[in-house]
Amino acid sequence: MGLAIVLVTGCYQPVNNNSYYLNNKKEISECRKVQHLLGESCVPIKPQRIIVTDQESLEIVVALGFQPVGAVKANIVGSKARILAGRIENITYLGKESQPNLEKMVQLQPDLILGLRINSQAYKLYSQIAPTVTFDFNHAAWEKDLQLIAQALNRTEQANKLLFQYQNKIKQIQKLINNQLKHIDISVSRFYAGWNFTEFQTPQSFSGSILQEIGFAVPKQQQFLKEKDSDGTYVTISKESIELLDADILFVALDPGSEKNFNKYRNNPLWQTLNVVKTQRVYTVDSGHWIFGSVLSANAILDDLLQIPDLLKKPGI
């Protein structure tokens, strides 16, 4: 599925009549055929009323210069409200990602519905409302996801520009750290609300892949552990195995309402034995852009790194 490639025809053609157009009396005179995860859809050349069905798609669409008319809110984590502040004021929210309000979707009269990993049942429903496009979601291959959606929306040039700017910022960080990257290991932990465990992010995770791209090292004690979840992005740990979090620098990504769980770990005597705690190099960050995301979240992670004085002023910790 991850090999899905957008194919755009060289000629334009009218959209076939279907229940969406019959029911809503809305016609699109020209469109482009786009192949995606669940088939082929005819996407308007210049979509004006886009609905997105997840926070990552919302981030991508906004980054590419569109203003969606409708979007969903994150189920638990991953809200892009902070990094999209000032850019989505007039958007209509359709409920949670897990259960969007179909009636509101119809009322918004979209000309395109777009999302990552839309299941086949939802796809059939959405396709009755508007042309629907869906792609796979890859934590560590977020750049490819961005490019796929950009091709579908005819914004490849904008995507390339965003990725060029991102790469320049990575080079800036590498220059500031002065070739000491391989000697600095970084651990990223996520704390949930109401769960009595934590985890660390692997190099296959969103934030882990970014740290790897920059050139930071993975803590040695994490390198030999097999990922326990289906996509290999994290490893769950208990208080008894808290030493797995140790590193030169530890970023703690907090879900909304997770402070109580985090405090249980911090108040545990084992927490005080971590070298990263003793050296006071533990930094809390927003899980909204550290756990899932695309180019704007990636840039927000780089901005967080640029705010760490120990990292930038004292290379080779």
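Quick look at the numbers
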quantity: Residue that is under 19 Å from P68 (Cα atoms), under 19 Å from the mean Cα position of the chain (by Cα) and touching a residue at least 40 places away in the same chain (Cβ under 8 Å), where the choices are L108, L94, L112, L153; calculated: L153
quantity: Residues being among the polar types (S, T, N, Q) and modelled with pLDDT under 95 - total across segment 129-143; calculated: 1
quantity: Tally, over segment 76-121, of residues that are of a type in the set (S, T, Y) and more than 20 Å from F292 (Cβ to Cβ); calculated: 2
quantity: Positions within segment 26-76 being charged (D, E, K, R), assigned to a loop (DSSP other than H, G, I, E, B) and more than 15 Å from D136 (Cα to Cα), in sequence order; calculated: K26, E27, E30, K46, R49
quantity: Matching residues in segment 115-142 - criterion: being within 12 Å of the chain's Cα centre (by Cα) and in a helix (DSSP H, G or I); calculated: W142
quantity: Breaking point among (1) buried (at least 17 other Cβ atoms within 10 Å of the Cβ); (2) more than 18 Å from the chain's Cα centre (by Cα); (3) part of a loop (DSSP other than H, G, I, E, B), for Q99; calculated: (1)
quantity: Test: G257 is of a type in the set (G, A, S) and crowded, with 20+ Cβ neighbours inside 10 Å; calculated: no
quantity: Selected residue (only one of T202, T156 is crowded, with 23+ Cβ neighbours inside 10 Å and among the β-branched types (V, I, T)); calculated: T202
quantity: Residue tally, condition of a type in the set (A, V, I, L, M, F, W, C) and crowded, with 22+ Cβ neighbours inside 10 Å, over segment 130-147; calculated: 5
quantity: Set S189, S209: member being touching a strand residue (DSSP E or B) at 6+ places or on another chain (Cβ under 8 Å) and modelled with pLDDT of 95 or more; calculated: S189
quantity: Of the criteria (1) outside any strand (DSSP E or B); (2) modelled with pLDDT of 95 or more; (3) surrounded by 21 or more Cβ atoms within 10 Å (Cβ to Cβ), which one K80 fails; calculated: (2)
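Per-residue answers, yes or no, for (1) crowded, with 17+ Cβ neighbours inside 10 Å; (2) out of contact with any strand residue (DSSP E or B) (no Cβ under 8 Å at 6 or more places or on another chain):
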position	(1), (2)
F197	no, no
V218	yes, no
Q222	yes, no
K239	no, yes
A253	yes, no
F262	yes, no
N267	no, yes
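For every residue, the table says whether it meets (1) surrounded by 18 or more Cβ atoms within 10 Å (Cβ to Cβ); (2) at pLDDT below 85; (3) of a type in the set (F, W, Y).
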{"residue": "T9", "(1), (2), (3)": "no, yes, no"}
{"residue": "C31", "(1), (2), (3)": "yes, no, no"}
{"residue": "G39", "(1), (2), (3)": "no, no, no"}
{"residue": "Q55", "(1), (2), (3)": "yes, no, no"}
{"residue": "A71", "(1), (2), (3)": "yes, no, no"}
{"residue": "R87", "(1), (2), (3)": "no, no, no"}
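The values are calculated or read from the model by the stated rules, or taken from the named source; none is laboratory data. As the structure is a computational prediction, the values presented were derived from the model and not from experiment. With ideal geometry, Cβ positions are generated from the backbone for all residues, glycine too; neighbour counts draw on all protein chains shown.
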